[in-house]
Structures are given as C-alpha cells and as structure tokens.
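Shown next, in structure tokens, is the structure this report addresses.
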C-alpha cells in the first residue's frame, strides 16, 4: 500500500494526477477480501471489543513492492518464515506482523537514505494458508490449516475462511457446547491479544452473519462447555451445520433396567426406522434420530421394573467434567415432549434405575410402547398343558404366563402355589413360592409381573406324586433342567 509520503505528493498537481491510477489499483486487500469498506476494524455485536481485521504479513505471503519512479527496484517477493525480504539497495527489511501499509512505510523510511521522497506501495498478491487452533467442545480439537478460496495471482478477490468453516473442519461442536459464548482470540501485534465472544445461537435463530466473522492466521477458537444443559437447545445444536455429523455412528453405554445392558453402536436410521415413541400407542415416530429411545430399543427394551421418570444421562465433556442430564420418558409418553428423548453422542452413558413401586396400570400402558420389547420369553414347566418356553407380552403377570402355557394340567397340577425362579442381572438365582389366585389383579404377592427369562415351576398335586414313579418333566430346555437341579426339584 502507498506510504504516507505519497499523500504529500498530491499537493503537487502533476504528480498527484499521475498517481491517481496507482492509488485506485492499490486498494486495501483486507477490505476487498471481506467485502467491507475501510476502516478494516469491525465492531462485533454483543461484545465490547473491536476486532482488528487487518491482514498481517507473514511467512508464505507473496507480495509486490512498487518503488515509483525507480522501476528497477520494483519486484515480487515471497516472504520467508523469518519475515524479512531482501530489497535492492537497502537489503533485508523485516515485514513480519506488519500490515501492507506499515510495510510500505518501513520500506520508504529505509529508502529515504538513498532516494529523495521515495514513493512506495506494497500489494498482497497471494496470501499464505491460514493456520488456526480450535479448542473446547468440538469433535476433534487441534490445529488446522484452512485454505483461502477465490482469487489467484494478482486478483485480490480472495475469501477468508470463517469461524463456522473452522468448526466444521474440526468435525463440529459437541452437544455439551455452550454456543452462546464461543471465543475468538486474535493476536494483535507481537505481544497483545484481542478476544471477542460470538453467539452462534443468534446465528441459528436470526441468521446474523456478523457472528460468523473471517479468520486470520494464528487465530484461536474456543468453544466452552455449557454450565447448564438445555435439552431443547441441544436439538437445535444437533441440527445446525456447524455441529458434529448427524450420520456418524456413536458408541453409547446403557445400564440398569433394560433386557440387555451393555455398550451399543448407535447409527442414525432411515425414515422407516423406529426413532421415537408416540404417546399412548405402540407406534414409532419416523425420525431415525440417535436418541435415548433408540438406544433402549437396541438394548432389548426396558424391564418391568424400570423407572422411566428418572433416567440419567452422563456425558463427559472436553474439560474432563461430567454433565448429568435428567430424563423423564413418562413425560414423553403423556404429553409428547420430544425434548425428553435426548440426542446421544459418542461416549454417553444412560442409567435406567429400578422403580421403587410398580403401578399396574402404568405397567400395562408401557407394554404397548416401543420402550418395551415386542415380546419376552419365560419358562413355564411342570404340570401345565404346554410346558417349555412361552412368549408373552412385556409386563405380563404370572397368571397370564400360566394361561399362555395352556393352564394347569388338570388334576395333576398343584394349583395352590408355584415356584418362581429368577435369573438376576448380577448372575445370581432366586426362588420364591407364590400362592396362585386367578381372581386377583396384578400384585407382587399372588400375581407378580414377570421378567424376561423367569421360570415358573408348577409342581404335582399330592395324588400325582403318589401315582408317579418318575421325576418332574421339565421340558426340552437344558438350562431349565440345570436351574431345577440347583433347587433339588
């Protein structure tokens, strides 16, 4: 750019008129690249700091130094990593960290020892790639090199990458991010730093492009962790173009009251996949989102003892802390609050606690939703008409299982009481005697709700024991025989 000595030339009519063309050619590059008028300092909304958007020269830039009226000194130069270019007559001139205007002034000052009123301009022909660092709640924090687009050679119409471009390159923000407090840190000069805060939520809601500002070499972007998780806003972040990819599989662990606790790879599904639960029905909403209900389905559905009002999602953050998010799936079933069906991300853990009290009416309703498995299997052995494995609806009671197995085997069955054998999640086995009352509703004493893999043993009546010389026929399943032997049946 033209140094300040050039302005003095306009006091001379001939020289001033001759140089008007040169001034028009040497338009400030940084302003053109952003489509902004001078001055090149931009006020960022919602902050108290002005961010310097001037372009500072550095290693890798290709510049043209024009020495007016001495064309043999004019030339193009690649700024080396050290930042000093070697010019005719004056030798090495450091330009690292200077604007093109400052570089022109410095070169003019040095040429003033040899030339009378030197007229100097510096033009940026080809800027270097921009190196930035992205930290905090992004999928892959680290250093990135961002290319500039548009323009080439002497064409100054180059577009600088923006904050959103950097976040996308870092594979998007996580669902634990606070997108209202994103910081952009920019070195100013050689010792100071400017910090501005960007509200990307405002960008989502209003499309305020001033929040998506252009980057400069050496910038650092920091995405903080949200102090308070907002389940409604997390869905907006998930849908934003600067969030982590919606289609990337994520590993999630689920423990507690599900039929198959463990770790699952959750892949977002198609529109025909079950992605959520429609209130008061067994149908699924065609979302295919990687949400909590999808993980529950992968884990075989909830058990009859699940407390769906007090689920907990544990999410590790980039700071090493943990977000604990409360989930109420009963609210999802009753009012259709889809925000309760939280989108999961890689590394999440879902905990489904055991209910302290079972409401039979609610248990029956839950059995018709996609939170529960379509069917469960229990073993009904001994003196029933169809002994063996029996498929029943989730949250079915002991009476319903006996009837599904054909009912008691006439006079051979002991219809006063049965043995209920349960394989617990921790590997232990429990046995208890349940008095049978077909007139009773669901209750824990005489007609309890069964779990997957429960075994109901119907013993022989007194008369059958006297007449039989053989042992109890337990059915074709080796596992059931093993269980019965444990209890000496």
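The values are calculated or read from the model by the stated rules, or taken from the named source; none is laboratory data. This structure is a prediction, so every number in the text was calculated from the model and none was measured. Heads up, the Cβs are rebuilt from the backbone with ideal geometry, glycines too, and the neighbour counts pull from every protein chain shown.
For the reader, a short list of remarks on this structure follows.
- Residues satisfying the criterion are present in the stretch 349-360 (criterion: in contact with a strand residue (DSSP E or B) (Cβ under 6 Å, 6 or more places away or on another chain), crowded, with 20+ Cβ neighbours inside 10 Å and in the same structural domain as residue 262 (by TED's automatic domain parsing)).
- Number of positions in the stretch 399-416 that are surrounded by fewer than 13 Cβ atoms within 10 Å (Cβ to Cβ) and farther than 17 Å from residue 447 by Cβ: 2
- Test: residue in the stretch 222-233 that is assigned to a helix (DSSP H, G or I) and without any contact (Cβ under 8 Å) to a residue 12 or more places away in the chain: no
- Residue within the stretch 173-182 that is closer than 14 Å to residue 239 by Cα and part of a strand (DSSP E or B) present: yes
- For the stretch 234-255, a residue qualifies if it is assigned to a strand (DSSP E or B) and within 18 Å of residue 289 (Cα to Cα), and the qualifying residues are 243, 250, 251, 252, 253, 254.
- Hits in the stretch 169-190 - residues which are over 19 Å from residue 211 (Cβ atoms) and surrounded by fewer than 18 Cβ atoms within 10 Å (Cβ to Cβ): 171, 187, 188, 189, 190
- Considering residues of the stretch 335-354 that are over 22 Å from the mean Cα position of the chain (by Cα) and modelled with pLDDT under 90 only, the residue nearest to residue 141 (Cα to Cα): 336
- Residue count for the stretch 96-113 under the criterion of being touching a helix residue (DSSP H, G or I) at 6+ places or on another chain (Cβ under 9 Å) and part of a loop (DSSP other than H, G, I, E, B): the result is 3.
- Scanning the stretch 386-406 for residues that are in contact with a strand residue (DSSP E or B) (Cβ under 9 Å, 6 or more places away or on another chain) and part of a helix (DSSP H, G or I) yields 398, 399, 400, 401, 402, 404.
- Residue within the stretch 337-354 that is without any contact (Cβ under 8 Å) to a residue 40 or more places away in the chain and under 30 Å from residue 177 (Cβ atoms) present: yes
- Among strands (runs of 3 or more DSSP E) entirely within the stretch 49-95, having at least 2 residues that are in contact with a strand residue (DSSP E or B) (Cβ under 6 Å, 6 or more places away or on another chain) and at pLDDT below 90 singles out 50-52.
- Residue 333 out of contact with any strand residue (DSSP E or B) (no Cβ under 6 Å at 6 or more places or on another chain) and not in a loop (DSSP other than H, G, I, E, B): yes
- With respect to the stated conditions, residue 323 fails to be at pLDDT 90 or above, in a loop (DSSP other than H, G, I, E, B) and over 19 Å from residue 369 (Cβ atoms).
- Selection status of residue 266, modelled with pLDDT of 85 or more and farther than 27 Å from residue 177 by Cα: no
- Against the numbered list (1) at pLDDT 90 or above; (2) touching a helix residue (DSSP H, G or I) at 6+ places or on another chain (Cβ under 7 Å); (3) surrounded by 17 or more Cβ atoms within 10 Å (Cβ to Cβ), residue 291 comes up short only at (2).
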